[in-house]
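The values are calculated or read from the model by the stated rules, or taken from the named source; none is laboratory data. Because the structure is predicted, anything quoted here is derived from the model rather than measured. With ideal geometry, Cβ positions are generated from the backbone for all residues, glycine too; neighbour counts draw on all protein chains shown. The protein model used for the area step is the full one, side chains on, heavy atoms only, and it has no ligands, DNA or RNA in it. Shrake-Rupley method; radii C 1.70, N 1.55, O 1.52, S 1.80 Å.
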Amino acid sequence: MRRSSRLIMTAASICWLLGAGGLASAETTTVLWGPFPMPPATSEGPGDLEGISGTSGLASFVAGLLGAEVDIGPIPKPCSNCYITAVRPNMVDANGDTLNFNTGGMLHHVLVANIDEPDVFCRPGFSGAINLMGLFAGGNERFFAAGNERTHFTEQPGYGYRVDSGDDWVLVYHLMNMQPVARDFYFEIEFDHVSSGVEATRPMWVDFDQCDDSERDSPVGYSDVNKWQWKSDRSGYIRTIGGHVHDQGISIAWENVSRGSNIYTSVAGYAAGAGSAPVGPGSGTDAMHPTDYNIVGSDPLGLGSYMGHIADMTVGYPNGRIKKKNNMVTHTQYHHSQTPGEGEGDMGIMIASFDEDFCITDFWCF
Ligand SMILES: [Cu+2]
């Protein structure tokens, strides 16, 4: 059965308390994005697809030049003129069955960007695919991503990501098929959203390989060498933040050096005895460098389906302060038995919801 991108259901509403504001009800909408035609695995290795989808006009031309365009039409949004308050990603086959290591499918990563708004860090320009797309599309605001661990990102109550009716979304992804047959893969993503009653946050994409392909190799043994530094050009609070690392990753943290504070440390989770867990501890020197990764006891998809690979990253609600001109730095801990294979670089990414101060001039917010 061949299916195409669409909204597949609108589930019952859920409710939560919004501070003193009373009850606001969130609707849940599940979208299906695809099909992504996966080549079969061969003796050379898994069937691999690195693609860009959802572009149109000049951005589509650029994606074509990059040789990465997979045309699945426009990317359906879960809602319009609304605020997204939670995202729960998954990957399925044409029958709707979950794809994971136990069924020969890996969601290396998928990044979702709104090409009608510029990104905080990577302005549209000539460096890197995402910047180039932005140059021709008008924007490249990276607002959500998932790795195979499929972390559920739930905003702190009272905040949400604004979706305007005219927003166009694009997907940048890398998928793997470990079965020796060609198959169609799909993203199946559940969104909670509200039409009003929350404050809009600005997404921040924190990345140790910022504005490039997000991949860098960490050395064998313990490492925290791939740092990314940023001098803030704005003031506000980090309301919600989560992380993404690959197998043998321990944690990723974002430190506000100027204020001597840690915004948040997202810690990786593995099943007990997982074969792809870090082979040694973190440095344990401070809150940004925990000694231990987490042993997780359960997972919505069933822990066994990860077959020993990374299964979780923590998400936090730090309300961490960043002021203009503060120096920020990332800390990404890996403890590797070997360097990752060709084209399988490590990642160190955090996605944050930033509640920006309203500043008429620097005088008010500095
Ligand atoms: Cu990744």
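A few remarks follow.
- Residues of the stretch 97-120 that turn out to be touching a residue at least 24 places away in the same chain (Cβ under 8 Å) and open to solvent by 30 Å² or more (accessible area, probe 1.4 Å), as a count: 8
- Of everything in the stretch 212-224 that is open to solvent by less than 30 Å² (accessible area, probe 1.4 Å) and away from the ligand (no atom under 16 Å from the Cβ), the residue that is farthest from Asp286 (Cα to Cα) is Gly221.
- Check on Thr265, open to solvent by less than 10 Å² (accessible area, probe 1.4 Å), within 19 Å of the chain's Cα centre (by Cα) and either within 14 Å of the ligand (Cβ to nearest atom) or within 28 Å of Leu301 (Cβ to Cβ) (or both): no
- Where strands (runs of 3 or more DSSP E) fall wholly inside the stretch 77-195, the ranges with 1 or more residues that are touching a helix residue (DSSP H, G or I) at 6+ places or on another chain (Cβ under 8 Å) are 82-93, 105-114, 141-147, 169-177.
- Residue within the stretch 190-207 that is surrounded by fewer than 21 Cβ atoms within 10 Å (Cβ to Cβ) and among the β-branched types (Val, Ile, Thr) present: yes
- In the stretch 34-91, of all residues being open to solvent by less than 50 Å² (accessible area, probe 1.4 Å) and hydroxyl-bearing (Ser, Thr, Tyr), the one that is farthest from Tyr159 (Cα to Cα) corresponds to Ser60.
- So Ile238, is it crowded, with 18+ Cβ neighbours inside 10 Å, within 16 Å of the ligand (Cβ to nearest atom) and of a type in the set (A, V, I, L, M): no
- Asn326 being under 17 Å from Met204 (Cα atoms) and away from the ligand (no atom under 16 Å from the Cβ): yes
- The condition (being modelled with pLDDT under 95, of a type outside the set (Gly, Ala, Ser) and more than 16 Å from the ligand (Cβ to nearest atom)) is satisfied by just one residue among Phe354, Phe366: Phe366.
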